[in-house]
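A.B. asks: Submitted below is the structure of interest, expressed as structure tokens.
The values are calculated or read from the model by the stated rules, or taken from the named source; none is laboratory data. What you are looking at is a predicted structure, and each value in this text was computed from that prediction instead of being measured. Virtual Cβ from ideal backbone geometry, glycine too; neighbours counted across all protein chains shown. Ligands, DNA and RNA are stripped out before the accessible areas are found, and what is left, the full protein with its side chains, is counted by its heavy atoms. Shrake-Rupley method; radii C 1.70, N 1.55, O 1.52, S 1.80 Å.
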Amino acid sequence: MSIGQNIPHDSSRGHVTGGSVFIDDRPLTQKEVFVLPIGVPAAAGLLKAIETKEALNAPGVLAAFTAKDFHHNHWGTIIPEQPVLVESKIGYYDEPALILVGTSMEALLRAKSLVKFDIEKQPAILSIDEAIAKKNFIYKANPFTCGDVHSAMQEAPHKLSGSFECGGQEHFYLESQACIAYPMEDGQIEIHSSSQHPSETQHVVAEALGLNLHEVVCIVKRMGGGFGGKESQAAPFAAMAALVAQKMQRPARLCLSKDDDMMMTGKRHPFKNFYEVGFDGDGRILGLKAQLYADGGAYADLSSSILDRAMFHIDGAYFLPHTHIEGYVCRTNFHSNTAFRGFGGPQGTMTIESIIEDIAAYLKKDALDIRILNCYGKDKNNITHYGQTLTHNPLPDLFAQLKNDSEYLRRRQEIEAFNSKGTGKIRGLSITATKFGIAFTARFLNQGNALVNVHKDGTVQVSTGATEMGQGVNTKIQQIVAHAFGIPAPDVKVMATSTEKNHNTSPTAASSGSDINGSAALKASLEIKTRLSWLYHNILIGTTMNDIAECPAVDLNQINLSEFHFHDGHVVHLPSGQTISWTELVKKAYLNRMSLGEYAHFKTEGLGFDKARSMGTPFNYFTNGVAVSEVEVDTWTGESKVLRADILMDLGRPLNPGIDHGQVTGAFIQGMGWVTSEKLFYNKEGKLLSHSPTTYKIPSIQDTPRVFNVAFIENQENHQNVHRSKAVGEPPFLLGISVWTALKNALRYKSAEKIPNIKSPATPEELLMELGQYE
């Protein structure tokens with residue numbers, strides 16, 4: 001039985017031995033050239049001209065291409081407004097405007113400084129506040145309104161108002177944006193890309209080059225990380241490489257350096273959110289008004305959908321009876337911000353968690369009591385502010401169990417005793433939750449397809465639209481198919497994702513890769529199982545091979561499928577106990593001219609959200625979890641450490657607990673980095689300064705919690721998903737917020753009557769400046 005087993009990641013051996021092939025590991029082919037995009041040295045203005053004569057005369061440089069060389073120079077997942085290369089108007093500093101082509105990357109890097117740009121600079125918008133003042137918006141969401149927030153706020157005994165601000169985050173995938181384009185026969189292009197969305201890459205390349213979709217094939221074997229940064233933004237770099245391949249009829253390799261990747265590509269959206277909250281003396285939230293402002297950067301990208309998800313998740317794990325939530329995407333002169341693990345959910349959830357910390361400080365209560373009081377209930381107070389009812393809600397149980405398992409009350413007393421000693425260090429403790437909606441909020445994306453081919457020796461190849469970026473989606477699909485056929489997991493191979501085998505695919509995003517593509521693969525496998533069961537039934541009743549071979553179609557009325565059990569490499573007819581080996585049955589099917597391959601399409605049912613009313617059921621289900629973090633802050637330096645973290649997750653029936661455990665711990669640490677150390681620095685002209693590991697601080701092993709406990713609850717109730725499993729990619733990222741709220745809690749021990757007010761990330765500088773306000 002493969003489901004629920006800790007089988008190794010299908011690439012684990014290759015990763016350890018160096019055998020896994022990433023884009024830049026592909027061997028150089030004859031006449032292959034290298035491609036270097038070059039960005040503009042201005043954040044806003046007009047590009048008047050590009051001087052390339054000196055660069056083209058440099059040794060090893062073969063050609064240069066500009067926006068005018070594209071058949072179609074604009075792209076965009078939602079609004080096709082972003083240029084592949086700057087033609088005139090500049091959107092952000094280091095925006096690609098020129099492609100240099102050469103015989104080696106070394107030659108291109110030497111020639112880069114010889115390129116001259118003639119730019120008429122214009123004032124740049126470099127903050128959310130400035131965009132708000134100028135009303136420079138990409139998108140304004142329809143408000144989310146429920147109840148009577150005006151009356152609730154008027155009648156509330158207590159009110160707080162303020163703002164919450166969180167910064168962006170660099171994806172910092174280990175493999176930068178990378179692709180190789182190969183010119184094929186009849187003008188076709190084959191593009192190998194490190195992309196989460198092969199279909200979009202295919203479409204952008206085809207449009208940019210003036211080709212039909214059937215003339216472009218995009219193949220994705222794996223990515224060296226993605227985190228959302230390769231959902232949309234891999235496509236324009238693929239178009240650049242494909243243009244070179246088309247124009248020069250030579251293979252073209254484009255692999256960005258880490259510096260160029262960080263300077264040219266979008267990040268997690270910074271948010272600045274304003275709020276007014278009304279509550280009673282116990283801390284029960286009676287009404288919430290909020291305005292969310294996301295920094296979309298220069299172009300639309302996926303910002304509108306990211307803002308929508310932030311508005312969906314402004315409730316966190318808490319019942320809000322009366323709300324009015326507004327949302328805006330600001331247009332600034334930064335790189336076009338894009339998808340990142342959580343997709344707006346963290347920015348929304350962190351807002352309500354910060355508000356709860358403020359309510360607790362105001363009422364001089366423990367924030368955990370406020371959270372438990374406001375937590376969604378099981379049978380009441382279980383309808384979200386957008387009208388979706390929570391079914392089988394485990395959140396109250398998760399809070400109660402983690403409070404007990406982590407010995408929260410004892411540790412709270414110990415922290416109070418420690419902080420009273422005046423050692424120059426203070427500690428804080430906080431529990432936060434994740435209630436993450438699983439589905440694409442754009443309903444049409446909730447579909448996928450799979451091709452399952454059983455070979456004569458009984459081994460199986462599976463092709464789906466899912467892309468492997470280290471998260472283990474291929475391993476889970478392998479397990480699903482192996483379990484369906486009752487064969488060992490190693491006998492199933494999940495193939496590279498290719499648009500010629502799986503068309504019109506959705507991105508591997510929204511934590512839905514295993515859900516959608518695994519369901520499609522299971523559906524295809526069950527069709528094959530049905531045919532094989534019919535065959536075995538006829539063998540058992542003595543139907544001759546000739547009669548079976550001549551039968552025009554499988555007659556399902558002849559058989560009871562539940563009588564056939566596929567297990568341990570055999571097929572068992574349960575009523576008679578008779579058994580046939582899997583491989584023997586497969587061979588008989590082939591000899592009797594039965595199809596051993598199947599294509600299946602899957603769509604998520606039951607979704608429906610009315611954007612005009614901001615009401616409906618946008619999500620298939622919710623993945624839930626809670627985390628408690630304990631931190632220590634040096635009051636002299638602002639340095640912080642995470643002493644302990646305990647996580648309790650509801651992942652339904654995990655397909656692979658080991659892989660899920662890795663996803664939970666990795667997501668938590670990435671979330672912790674976002675709220676503590678990962679600060680993006682720009683100069684006054686809008687140029688990113690923190691564009692390498694030396695200037696941008698992701699968590700290291702020394703930053704991980706000294707004590708780190710992860711546990712899963714048992715939940716058999718998620719019938720909405722394949723094998724009652726739950727998605728795991730994004731939800732635990734939000735639990736990293738508990739580190740930030742714990743830091744905010746620690747500051748309460750120094751702030752006296754003042755409510756701590758810090759931004760995210762809570763860097764040592766941020767904490768030290770706040771501590772300075774208390775003296």
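A.B. asks: Looking only at helices (runs of 4 or more DSSP H) that lie completely in region 507-624, which have at least 3 residues being buried (at least 17 other Cβ atoms within 10 Å of the Cβ)? Break it down stepwise before answering.
C.D. replies: Values: elements: 513-540, 545-550, 582-591.
Here the list reads 513-540, 582-591.
A.B. asks: Shifting gears a bit: Which of the residues that make up region 261-313 are assigned to a helix (DSSP H, G or I) and either without any contact (Cβ under 8 Å) to a residue 60 or more places away in the chain or closer than 18 Å to GLU357 by Cβ (or both)? First the steps, then the outcome.
C.D. replies: Within region 261-313, the subset assigned to a helix (DSSP H, G or I) is 261-264, 303-312.
Answer for region 261-313, where residues must be assigned to a helix (DSSP H, G or I) and either without any contact (Cβ under 8 Å) to a residue 60 or more places away in the chain or closer than 18 Å to GLU357 by Cβ (or both): ILE306, ALA310.
A.B. asks: So if I check each of ALA294, ALA300, ALA310, which one is at pLDDT 95 or above and over 27 Å from ASN374 (Cβ atoms)? Can you show your working first?
C.D. replies: Details: ALA294 fails: over 27 Å from ASN374 (Cβ atoms); ALA310 fails: over 27 Å from ASN374 (Cβ atoms).
The match here is ALA300.
A.B. asks: Then there's this: Tell me yes or no: at least one residue of region 657-679 is assigned to a strand (DSSP E or B), open to solvent by less than 30 Å² (accessible area, probe 1.4 Å) and either among the hydrophobic types (A, V, I, L, M, F, W, C) or under 22 Å from THR265 (Cα atoms) (or both).
C.D. replies: Within region 657-679, the subset assigned to a strand (DSSP E or B) is none.
No.
A.B. asks: Every residue in region 452-505 that is among the polar types (S, T, N, Q) and assigned to a loop (DSSP other than H, G, I, E, B), please.
C.D. replies: Our first condition is that a residue be among the polar types (S, T, N, Q); within region 452-505, this holds for 453, 459, 461, 463-464, 467, 471, 474-475, 478-479, 497-499, 502, 504-505.
THR459, THR467, GLN471, THR499, ASN502, ASN504, THR505, listed by residue number.
Listed here are the residues, each with its yes/no results for (1) without any contact (Cβ under 8 Å) to a residue 40 or more places away in the chain; (2) open to solvent by 10 Å² or more (accessible area, probe 1.4 Å); (3) in contact with a helix residue (DSSP H, G or I) (Cβ under 9 Å, 6 or more places away or on another chain).
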residue	(1), (2), (3)
SER151	no, yes, no
PRO157	no, yes, no
PHE164	no, no, yes
GLY167	no, yes, yes
PHE172	no, yes, yes
GLN177	no, no, yes
PRO183	no, yes, yes
GLY187	no, yes, yes
GLN202	no, yes, yes
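A.B. asks: Would you say GLY387 is part of a loop (DSSP other than H, G, I, E, B), within 24 Å of SER512 (Cα to Cα), open to solvent by 10 Å² or more (accessible area, probe 1.4 Å) and not β-branched (Val, Ile, Thr)?
C.D. replies: Numbers: part of a loop (DSSP other than H, G, I, E, B): yes; within 24 Å of SER512 (Cα to Cα): yes; open to solvent by 10 Å² or more (accessible area, probe 1.4 Å): yes; not β-branched (Val, Ile, Thr): yes.
Considered against the rule, which asks whether it is part of a loop (DSSP other than H, G, I, E, B), within 24 Å of SER512 (Cα to Cα), open to solvent by 10 Å² or more (accessible area, probe 1.4 Å) and not β-branched (Val, Ile, Thr), GLY387 comes out as yes.
A.B. asks: Being part of a loop (DSSP other than H, G, I, E, B) and either in contact with a helix residue (DSSP H, G or I) (Cβ under 7 Å, 6 or more places away or on another chain) or open to solvent by 50 Å² or more (accessible area, probe 1.4 Å) (or both) is the filter here; which residues of region 697-712 pass it? Lay out the reasoning, then the answer.
C.D. replies: As a first pass, look at region 697-712 and keep what is part of a loop (DSSP other than H, G, I, E, B): 697-700, 704-706.
Matches in region 697-712: LYS697, ILE698, PRO699, SER700, THR704, ARG706.
A.B. asks: Kindly indicate whether THR635 is of a type in the set (Ser, Thr, Tyr), touching a residue at least 60 places away in the same chain (Cβ under 8 Å) and buried (at least 17 other Cβ atoms within 10 Å of the Cβ). Write out each step before concluding.
C.D. replies: Details: of a type in the set (Ser, Thr, Tyr): yes; touching a residue at least 60 places away in the same chain (Cβ under 8 Å): yes; buried (at least 17 other Cβ atoms within 10 Å of the Cβ): yes.
For THR635, the condition - of a type in the set (Ser, Thr, Tyr), touching a residue at least 60 places away in the same chain (Cβ under 8 Å) and buried (at least 17 other Cβ atoms within 10 Å of the Cβ) - is met.
A.B. asks: Here is a follow-up. Which of (1) in a helix (DSSP H, G or I); (2) touching a Pro at 6+ places or on another chain (Cβ under 6 Å) is the odd one out, the single condition ILE355 does not satisfy?
C.D. replies: It fails just one condition, (2).
A.B. asks: How many residues does region 404-436 contain that are open to solvent by 60 Å² or more (accessible area, probe 1.4 Å) and assigned to a helix (DSSP H, G or I)?
C.D. replies: Going through region 404-436 one residue at a time, the tally reaches 7.
A.B. asks: Consider region 359-373. How many of its residues are assigned to a helix (DSSP H, G or I), among the charged types (D, E, K, R) and open to solvent by 10 Å² or more (accessible area, probe 1.4 Å)? Can you show your working first?
C.D. replies: First, pick out the residues of region 359-373 that are assigned to a helix (DSSP H, G or I): 359-363, 367-373.
The next check asks that each one be among the charged types (D, E, K, R); those that pass are 369, 371.
In the following step, the residues that additionally are open to solvent by 10 Å² or more (accessible area, probe 1.4 Å) were identified as 369.
Matching residues across region 359-373 total 1.
A.B. asks: Are any residues in region 464-489 open to solvent by 10 Å² or more (accessible area, probe 1.4 Å) and under 23 Å from ILE219 (Cα atoms), and if so, which ones?
C.D. replies: The answer is MET469, GLY470, GLN471, ASN474, LYS476, GLN478.
Yes or no, residue by residue, for (1) closer than 29 Å to GLN388 by Cα; (2) in contact (Cβ under 8 Å) with a residue 40 or more places away in the chain:
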site: ASN620; (1), (2): yes, yes
site: SER629; (1), (2): no, yes
site: LEU643; (1), (2): no, yes
site: ASP650; (1), (2): yes, yes
site: GLN663; (1), (2): yes, yes
site: ALA667; (1), (2): yes, yes
site: HIS691; (1), (2): no, yes
site: THR695; (1), (2): no, no
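A.B. asks: Sticking with this one: Look through PHE444, PHE399, PHE418 and report the one residue that is within 25 Å of the chain's Cα centre (by Cα), on the phi < 0 side of the Ramachandran plot and not β-branched (Val, Ile, Thr). Working first, answer last.
C.D. replies: Working: PHE399 fails: within 25 Å of the chain's Cα centre (by Cα); PHE418 fails: within 25 Å of the chain's Cα centre (by Cα).
Every option except PHE444 fails the conditions.
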